[in-house]
Structure formats: C-alpha cells, structure tokens
Amino acid sequence: MTSTPDTPSAPFSRIKIRTGALVFCGDDVALIRRDRAESTHYTPPGGNVEHGEDLDAALARELAEELDLDITQAEGGDLLWVVDQRVTRPGPTPPPRKLHLIHRFHISPDVRATLAEQELDELPDGSHEVGVIEWIDYRKTAELPIFPPIGPALAALADPRAAVANAALDAVTDENYTWV
C-alpha cells in the first residue's frame, strides 16, 4: 500500500537522513544548546537531508545555515559515527526512522572567531527557536543531554582526531531513550 497524505504511514516506515558535524577547534567542540520550558538539550550542528539532495551538499548547507561555516575553511569531513534512531515522539505524525550521519571537522581559532553565536531554527508555525552555539571541551560531554546521545562516545575519544573502531553507535530506541 502506498502512503498518501490521507493515509499516514506506520511508525518507522519512513527513513529520514540527518547529517551533522562535530566541529572542533582544538579540544573544544561546537554544540547547539536549546533551552525549552521543560528541558535543555544539545545537538551537533546539522539537519535533515532534503529529498534528492546530495549528502555532502546537505552537510555544507546545514553548517553554513547554523554556524556560518564555509566548509572549505575547515579540515576533515570524515564520517565519524552513524546513529539509528527509532524513537516514538509526541504529535499526530507517525515518527520516521532517522539515520544520523555525524561527520568531524577541525577549524582554526581565526575561523572560529567568525562563526555564529546563535542559530535560529524555524518552527512549523513560522516562528523561530533560538539555539546558542556553545564551545565545550569534548571531554566534558559524557553527561550532557545531547541528541543523538553521543556524549559518552565523544568524551571517550583519546583526542579530537582519534580514529574510532566502530562508526555505528548504539541505536536510539524507546527502550533506551525518552523523548524530551
């Protein structure tokens, strides 16, 4: 059966790709802090890949939109981790399965000085949620409320350029994550 706007699909029957990046400047990594009435959480800069969009182009677009970063000013871009998300969330739309592709870049202090300090995320009603760009020592991210929950893996890196043995992090499911 083909899903149409009148016949919503079942939970996790659609797959969305989210591309994001850990942008390092020395030992500091850029994360976007979002303060909400019930919680505060962090995300790496990035966003959903649009239908038909090239993955590299989507990553470049998202980093330009959220950090004002031209990736030609950065070193790296390697795929660091993949996180499979299958989490039920509030709202009338059945949740998609989402694959988070997390890349790694390194920038100089001179480039960092030119980047955005806040990010405006457009909401469905046309308003904006303000996110604050914070530079945090990557070794202090294990206990931060980061989504996807990469804090422990990030804090465990021997250094910001360290190789990882396994690019697939644990899946995020209703059994190990509660939507906030």
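Values as computed for the structure displayed
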read-out	value
Answer from Leu59, Leu67, Leu63 - the residue that is touching a residue at least 60 places away in the same chain (Cβ under 8 Å) and surrounded by 14 or more Cβ atoms within 10 Å (Cβ to Cβ)	Leu67
Output for region 57-116, where each listed residue is part of a strand (DSSP E or B) and among the charged types (D, E, K, R)	Glu75, Asp78, Asp84, Arg86, Arg97, Lys98, Arg104
Candidates Asp121, Asp159 - the one that is assigned to a strand (DSSP E or B) and within 24 Å of Leu69 (Cα to Cα)	Asp121
Number of the condition not met by Arg104 [criteria: (1) of a type in the set (D, E, K, R); (2) over 26 Å from Arg36 (Cα atoms); (3) in contact with a strand residue (DSSP E or B) (Cβ under 9 Å, 6 or more places away or on another chain); (4) exposed (fewer than 15 other Cβ atoms within 10 Å of the Cβ)]	(4)
Selected residue (criterion: modelled with the lowest pLDDT) from residues of region 141-178 that are exposed (fewer than 11 other Cβ atoms within 10 Å of the Cβ) and farther than 16 Å from His103 by Cα	Thr178
Condition check for Val23: among the aliphatic types (A, V, I, L, M), touching a Leu at 6+ places or on another chain (Cβ under 7 Å) and free of Cβ contacts under 8 Å to residues at least 40 places away in the same chain	no
Residue match in region 73-86 (condition: at negative phi and out of contact with any strand residue (DSSP E or B) (no Cβ under 7 Å at 6 or more places or on another chain))	yes
Phe105 touching a residue at least 60 places away in the same chain (Cβ under 8 Å) and in contact with a Ser or Thr (Cβ under 6 Å, 6 or more places away or on another chain)	no
Filter result for Glu38 (in contact with a helix residue (DSSP H, G or I) (Cβ under 9 Å, 6 or more places away or on another chain), more than 21 Å from Ile150 (Cβ to Cβ) and either open to solvent by 20 Å² or more (accessible area, probe 1.4 Å) or in a strand (DSSP E or B) (or both))	no
Count of residues meeting criterion [part of a helix (DSSP H, G or I) and either without any contact (Cβ under 8 Å) to a residue 40 or more places away in the chain or within 12 Å of Phe105 (Cα to Cα) (or both)] in region 44-56	1
In region 19-35, residue modelled with the lowest pLDDT [restricted to those that are open to solvent by 40 Å² or more (accessible area, probe 1.4 Å) and outside any loop (DSSP other than H, G, I, E, B)]	Asp35
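The values are calculated or read from the model by the stated rules, or taken from the named source; none is laboratory data. Since the structure is predicted, the reported quantities are computational estimates derived from the model, not experimental observations. Neighbour counts are summed over all protein chains in view; Cβ atoms, including those assigned to glycine, are modelled from backbone coordinates with ideal geometry. Note: areas computed on protein heavy atoms with side chains; ligands, DNA, RNA excluded. Shrake-Rupley method; radii C 1.70, N 1.55, O 1.52, S 1.80 Å.
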